[in-house]
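The values are calculated or read from the model by the stated rules, or taken from the named source; none is laboratory data. This structure is a prediction, so every number in the text was calculated from the model and none was measured. With ideal geometry, Cβ positions are generated from the backbone for all residues, glycine too; neighbour counts draw on all protein chains shown.
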Amino acid sequence: MAITKIWVLAEAVEGNVATITLELLAKARELAGTVEAVHGGDATGIAATLGAHGATAVHATGDLSGALVGVSLAAALHDAIAAGNGPDAIFFGTTQDGRDTAGRLSAKLDAPVITNIVDLVERDGALVGVEPVFGGVQNVLTRFTSDKTKLFLIRPKSFAAEESGGAAASVSALAVPDLGSTGGAKIVNQHVEERSGPQLDEAAIVVSGGRGLGDAEKYAMVEELAKLLKAAPGASRAIVDAGWVPYSYQVGQTGKVVKPTVYIACGISGATQHLVGMKGSKNIIAINKDPEAPIFSVADLGIVGDVHKVLPQLIEALESR
Amino acid sequence: MRFCRPSVGWARIVGMNVVVCVKQIPDPAEPGSLDPSTNTLKRDGKLILDESDSYGVEMALQLVDANGGGEVTLISMAPRGETAGLRTALAMGAAKAVLVSDDALKGSDALGTSKVLAKAIGRAGDYDLVLTATESSDGYTGTVPEQLAELLGLPSVTFAKSIVVDGTTAKVDRQTEAGYDEVEVPLPAVVSVTAGVVEPRYPSFKGIMAAKSKPVDQVTVADLGLDVGAVGWAGAGQEIVEVVTAEAREAGDIVEDDGEGYARIVSFLSDLKVI
């Protein structure tokens, strides 16, 4: 069965369409004639950008007054699909709300989700998801065997965003039914954690630190180097879990997927969960004292040495340039 | 929070019961591989408690302590009656476990797993809260918490950084792309816990000894009243078409630091014209 209509989950960050949404729209346009967006919230402010990237319509729930996106949007999508207005496939970004919505909808439709997708290809008329495993050593190609709506959870930075020059998407209402016992959660307050300097997932250079730094104070070296290179500081999950830096610094399977021009890994061994988030970087530099560390398998330049010696020397050399 | 009416006096809080879903996975320190006949992850070696789940276990133990007692019950699905990971969590302080183990579960996807966990939770007794990790460290689909909540007909909050229970409501700080949201949810509810938000305790010697005799209720798919067609390969609704070796990155220049390692980095950056 050919794919003719795809819905893309539209997410907004502080009123702007999220980059992941634009990436998914670009891929959806390549695969289907009809591409529309779905949004949990008020879509009037994002319809122009969605249209410029190829969505002809956006089906939106309107303001959710504190209800969570996942459970609300999933119920609305379920009803739209049950009424016969659904698409062949829905693309969700691997984000908090993307996972929530896809998971809820999956159980409502009794339809599986193909997850952790980095590419989509057509095989014998079917849409097949490509999922890297073991840190990207192998790719698993998976297809759906039922004729239910095909739900794909797709990782950020898998596709390049591209404008289509389309007019603003028409906004139509997507009714959220009574959520009954499932709808009790309410957002009562929102907090934004300030981050200075370039955005981690958009910076041209990322400097990340890991457990090899030894202790939390040594992360200052990573920040200093990042500042000198106008780079974004990042971190492995190990030091985020240890509380050295906030979650917003995390690069990896959970956390941010980054693809900068240069990625500098300082004292990071390269667990699968980290490699997945950075191996798409154009150039990778790694400093680690263990020559067997997996990070060296993806490094273009690897320095087998002590970060406590190499980093201060590097910082000094860059300062004196 | 459950209220009961003693023979004299008025309703009083008797504590809370927390269910924690835990996965027993192949040791992530060992290189993983796919079973060539099924293309699924090999799970024939020893299985251990997924580290991601140790945070939920710790969170549950702390909540029970903070709310006047109660029990932490573990729910797990694993091949061959595996209990090694469950014993770790029981040694941390969980009271009991329900383990679903059945050959018919081979090949189950996240939705099939959620169906099994939802039914198994039905055997755990009264509960106020169900905790999960945000994702497992071997399959990392990250969809189970919401699938489970929907199957149980419960509200949910995912990516929790902290949970405080106040009467019949949980106050949850939920991680977002921009920071975090304060969310209030009536109990019972499903909450997924972000890794690293609490420090999982090490089992004491006494805890390890006690864990050996704690009850593990081992059940099959039939015991749960589930149709075998809804789980395992048959229920997955998806199939692996092919497994291909990914294009390897070209081998890089790996050098021992002789005191001039930093200079190699400077010239590499300079060649790229980023400095």
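Residue count for region A:21-42, restricted to those that are farther than 17 Å from residue A:87 by Cβ and either at pLDDT below 95 or assigned to a loop (DSSP other than H, G, I, E, B) (or both): 2.
Scan region A:209-251 for residues that are crowded, with 24+ Cβ neighbours inside 10 Å and in a loop (DSSP other than H, G, I, E, B) and the total you get is 3. The set of residues from region B:99-130 being farther than 22 Å from residue B:140 by Cα and touching a strand residue (DSSP E or B) at 6+ places or on another chain (Cβ under 6 Å) comprises B:123, B:124, B:127, B:129. The helices (runs of 4 or more DSSP H) located wholly in region B:204-273 that include 1 or more residues which are at pLDDT 95 or above occupy B:205-211, B:261-271.
Need at least 3 residues that are of a type outside the set (D, E, K, R) and either in contact with a strand residue (DSSP E or B) (Cβ under 9 Å, 6 or more places away or on another chain) or facing chain B (nearest Cβ under 7 Å) (or both) per element, so show me which strands (runs of 3 or more DSSP E) inside region A:98-194 make the cut, counting only ones lying wholly within it.
A:113-117, A:126-133, A:138-144, A:150-154, A:170-173, A:186-192
For residue B:136, the criteria (1) more than 9 Å from chain A (Cβ to nearest Cβ); (2) in a loop (DSSP other than H, G, I, E, B); (3) in contact with a Gly (Cβ under 7 Å, 6 or more places away or on another chain) hold in every case but one, which is (3). Restricting region A:252-281 to residues that are within 9 Å of chain B (Cβ to nearest Cβ) and closer than 16 Å to residue A:302 by Cβ leaves a set whose member that is surrounded by the fewest Cβ atoms within 10 Å (Cβ to Cβ) is A:279.
Each residue in region A:206-251 was checked for being more than 10 Å from chain B (Cβ to nearest Cβ) and closer than 21 Å to residue B:140 by Cβ, and 8 of them qualify.
Would you confirm, using the coordinates I've provided, whether residue A:78 is out of contact with any strand residue (DSSP E or B) (no Cβ under 8 Å at 6 or more places or on another chain), more than 9 Å from chain B (Cβ to nearest Cβ) and farther than 26 Å from residue B:180 by Cα? Yes. Annotation note: Cβ proximity below 7 Å between a residue of region B:243-266 that is within 7 Å of another protein chain (Cβ to nearest Cβ) and polar (S, T, N, Q) and a residue that is surrounded by 13 or more Cβ atoms within 10 Å (Cβ to Cβ) and assigned to a strand (DSSP E or B) (sequence gap 6+ or interchain) occurs for B:245/A:138.
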